[in-house]
Protein chains: 2
Amino acid sequence: MGAIPADFAGDGDVLTIGGRRVDALVAEAGSTPLFVYDLDLIARRIARFRAAMPAAVKLHYAMKANPYPELLEYIAKRVDGLDVASGREMLAALRAGGKGATISIAGPGKRSGELSAAIEAGVTINVESEGEAQRAIAIGEQLGLRPRLAVRVNPDFEIRGSGMRMGGGAKPFGVDAERVPDLVRRIIESGAQWRGFHIYVGSQALSAEALIDAQRATIELAGSLAKAIGASPPLVNLGGGFGIPYFAGEQPLDVEQVATALAAALEGRDAMLRNSEFAIELGRWLVGECGVYLTTIVDRKLSHGKIFLVTDGGMHHQLAASGNFGQVVRRNYPVAIATRWSEPASEEASIVGCLCTPLDRLADDVMIPTAAVGDLVAVFMAGAYGLTASPQAFLDQQPALEMAVGGG
Amino acid sequence: MGAIPADFAGDGDVLTIGGRRVDALVAEAGSTPLFVYDLDLIARRIARFRAAMPAAVKLHYAMKANPYPELLEYIAKRVDGLDVASGREMLAALRAGGKGATISIAGPGKRSGELSAAIEAGVTINVESEGEAQRAIAIGEQLGLRPRLAVRVNPDFEIRGSGMRMGGGAKPFGVDAERVPDLVRRIIESGAQWRGFHIYVGSQALSAEALIDAQRATIELAGSLAKAIGASPPLVNLGGGFGIPYFAGEQPLDVEQVATALAAALEGRDAMLRNSEFAIELGRWLVGECGVYLTTIVDRKLSHGKIFLVTDGGMHHQLAASGNFGQVVRRNYPVAIATRWSEPASEEASIVGCLCTPLDRLADDVMIPTAAVGDLVAVFMAGAYGLTASPQAFLDQQPALEMAVGGG
């Protein structure tokens, strides 16, 4: 299995999160399954980013990673912008204290109602096509408001080894780079506020070198687009892509190395970008490791010599951990018997969810302490793309609870 | 792409479902995305099953396939039992008119509260382990009620070519066949009502021969277990596994061939099973083809020569169609431009969802009529494992609506 993030410790035999024992957290919440998010871990990630990065680089939160309201409010106060992916996320971002001018909305299928709500709230729309730009401009005219429009660019490159490819070749996202100058000129001519570029080329990268190359190429592309347009982008959103190590053998991203190279790349940027702001948009890297999914073992059983620990949770809350969210080969997230934290691993067992489907696996053949009915299982790396990225209604099981700790 | 079920037709240029134009259905519902379920198609599937199968074989509905209340009520009146996979599904089955004695609950991770609710409602519990049987018996004693307990058997075989393997080898489901006789004897000795066996060996099989072999082996196993126990099972649930053709080149299951072979296998059954009832538990085969997922095209865009139609729906409602629900290789479900039903295919395009992730694909490189913003897209085969098996909260997009037609 993957390595448990070093931020976690135990109080005797029990895992703690934010200094509190998980059995006490479950008692406070009322039941399992329970997601616990440690806000202090997020603060540490933000501080690490700020310490490493040039001051000119703004930090945005991609709230699709985790929109839990208390967590979102906590982050909104500490970052420079919120990037949302739907009209309803935009409303949640505004409720969490985000200001229109620091929010941007992306997504290839924005409805007219979402465009008009964004224009009314002064939110920047990352337009994904010429047609969408046209619709946004027309809606702005109807409303008598100047839309804030950035152009999402589909570049000709992507992050090498990225977990998900968001750019390069034919893509539903953004506008092919060669058509961007014409579109930006039309946006400027329309009287809309042109806010700059959104260039997102990949996600879940653990290689600093790959990210450095992608960021350098992104800055070069932004510079050459600006020259072709003959205008400077107010903001260049460099995308995100900072990965976290889920699986055995993976190493954490060297963010400081990325930051040093980014500072150098920005030093050498085209004169057209001299007064531009830059932003990095992070979701998973900020919140992924802060979350732990806690479930209770409801059965311990043997089948053909193999031990199965059956929990009251599963893929309906943690689809990615079950291996069914974009993965080709299922691998084990880090897990632990949270109520036998200090016991040595003593048996090989498989941890499964309560759903009546063979897809519902939380950990295959892992070496763990001998666990019994009633023990708590912790699945780590559950802070990003967890509950909201899972089929919660499947088989109509007990809904998961969520709580935040720390942040005081 | 796969073949559109022959049940569907058009009214001029517009797809109809249950004889009604989809544009009218969307207007009635209020918006897209919209799931429409044609109850008459379900009635036809039930009638086909009844006509083919020996009268002794009962038909159960596996409600996890689709728990939409109106559909569930419709089916509950027309089948012999409802098989549920959680305590909350059990409550929904009772609300839909199911009677406790004809409901059974399966699932490897039943909580104590679910066991006691089932015992109180007179629902049959398919016990999945010795430990669970013990807990159910203890709860029955506390309640002063006789639990109805069937034993789910993990057999040593599975359906060849099954879409999902539910039996054979070490599994979290059921009790290994060789331990079943001991467990049943203990159940009988405890004073609980022993209801028989639940033997579910696979799903989504399109090969009649594979199903015939599996059913024959299941009946033999039930007979030899009954002999070993020295008691006859009141009911043998033969499982389900009837598949439907999602993808290009797949052929529908020959249910009549399965039925004929099943009748012969039952004729030759062990004397210990002479007075046993038999049931087949179907979900996908009953409801999969009755459902159509309707979305609206919100953008039409070109990227590097490739046409993308972006819809207001996506993987958050149709995870399986996006290829992220147990599939290793993504293939296209049958799709159509529902508002250009009679137009010939004139271009190759990809249909994507509105989510900001490259996973959100509804159809890759399909030949379809030239479609525009505002056209409706129909994704067929959306009646089973659709909305409830999808991450509905992901990116907080517009929720899907559901409606039933027909059944009058």
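The values are calculated or read from the model by the stated rules, or taken from the named source; none is laboratory data. It should be emphasised that the depicted structure is a prediction, and the values quoted were computed from it without experimental measurement. Methodologically, a virtual Cβ is constructed for each residue, glycine included, from the backbone with ideal geometry; neighbour enumeration extends over all protein chains shown. The area values use the complete protein model at the heavy-atom level, side chains included, leaving out ligands, DNA and RNA. Shrake-Rupley method; radii C 1.70, N 1.55, O 1.52, S 1.80 Å.
When only Cα pairs below 8 angstrom with a gap of at least 6 residues are kept, segment B:41-147 shows a relative contact order of 19 percent. Protein heavy-atom surface of the protein assembly as shown, 1.4 angstrom probe: 51% of the accessible area is carbon and sulfur, with nucleic acids and ligands not counted. Contact order for chain B, expressed relative to its length and based on alpha carbon pairs under 8 Å spaced 6+ residues apart, stands at 22 percent. For the protein assembly as shown, the solvent-accessible area with a 1.4 angstrom probe is 33 square angstrom per residue. Of the residues in segment A:365-397, those shielded by at least 10 Å² of accessible area once partner protein chains are present, compared with the chain alone at a 1.4 Å probe, are A:373, A:385, A:388, A:389, A:390, A:391, A:392, A:393, A:394, A:395, A:396, A:397.
Note on exposure: B:171, A:227 ranked by accessible area (1.4 Å probe, complete protein assembly) read A:227, B:171, with the most exposed listed first. Taking every DSSP beta bridge that has both ends in chain A, the antiparallel portion is near 40%. Inter-chain neighbour count for B:170-182: the average number of beta-carbon atoms from partner chains within 10 Å of each residue's beta-carbon is 4. This model, with +1 at the C-beta of Lys and Arg and -1 at the C-beta of Asp and Glu, gives the protein assembly as shown a dipole about its Cα centre of some 500 debye.
When the accessible area of each residue in segment A:294-313 is compared between its chain alone and the complete protein assembly (1.4 Å probe; ligands, DNA and RNA ignored), which residues differ by at least 10 Å², being lower in the assembly? Residues of segment A:294-313 that lose at least 10 Å² of accessible area once the other chains are added: A:298, A:299, A:301, A:302, A:303, A:304, A:306, A:308, A:310, A:312. Counting from the shortest, the label point at residue B:230, 7 Å from Cα toward Cβ, is 9.9 nm from the same position in each remaining copy.
Working from Cα pairs under 8 Å separated by at least six residues, relative contact order for segment B:1-43 is 26 percent. Calculated [222 nm] ellipticity per residue, helices only, for chain A: -8500 deg cm²/dmol; basis is -39500 (n - 2.57) per DSSP H run with n ≥ 4, divided by all residues, nearest 500.
Taking only the C-alpha atoms of segment B:106-282, Rg followed by Dmax gives 16.6, 55 Å.
In whole Å, how far is the Cα centre of segment A:97-153 from that of segment B:333-392? If we compute the Cα centre of each part, the gap is 25 Å.
Taking a ≥ b ≥ c as the square roots of the eigenvalues of the alpha-carbon gyration tensor, the protein assembly as shown is classed oblate because a/c is 1.5 or more while a/b is no larger than b/c. Listed values for segment A:359-367 are Karplus-derived 3J(HN,Hα) couplings in whole Hz (6.51 cos²θ - 1.76 cosθ + 1.60, θ = phi - 60°), namely 6, 8, 10, 9, 7, 9, 6, 9, 8, and x replaces Gly and Pro. The slack in the chain from residue A:48 to residue A:77, taken as 0.36 nm per residue of separation less the alpha-carbon distance, amounts to 8.8 nm. The modelled label-to-label distance between residue A:145 and residue A:209, using points 7 Å beyond Cα along the C-beta direction, is 4.8 nm.
With a 1.4 angstrom probe, the accessible area lost at the A-B interface totals about 5600 Å².
Annotation for residue A:248 and residue A:364: the two label points, set 7 Å from Cα along the Cα-Cβ direction, are 1.2 nm apart. With a cut-off of 12 Å between beta carbons, the residues surrounding residue A:394 carry a summed charge of -1, where Lys and Arg count +1 and Asp and Glu -1. Annotation: extensible slack from residue A:138 through residue A:56 equals 26.1 nm (criterion: 0.36 nm per residue apart, minus Cα-Cα distance).
Can you tell me how segment A:13-117 classifies by the Cα gyration tensor, rounded, prolate or oblate, using a/c under 1.5 as the rounded cut? Cα axes put segment A:13-117 in the oblate bin. Can you list the lysines whose alpha carbon is less than 29 Å from that of residue B:77, not counting same-chain residues fewer than 8 positions off? Of all the lysines, those that pass the test against residue B:77 - Cα under 29 Å, at least 8 places apart if same chain - are B:58, B:64, B:99, B:110. Listed values for segment A:253-259 are Karplus-derived 3J(HN,Hα) couplings in whole Hz (6.51 cos²θ - 1.76 cosθ + 1.60, θ = phi - 60°), namely 5, 8, 5, 5, 5, 4, 5, and x replaces Gly and Pro. If you count the DSSP beta bridges with both ends in segment B:106-282, what percent of them are antiparallel, to the nearest 5? DSSP beta bridges in segment B:106-282 are roughly 10 percent antiparallel.
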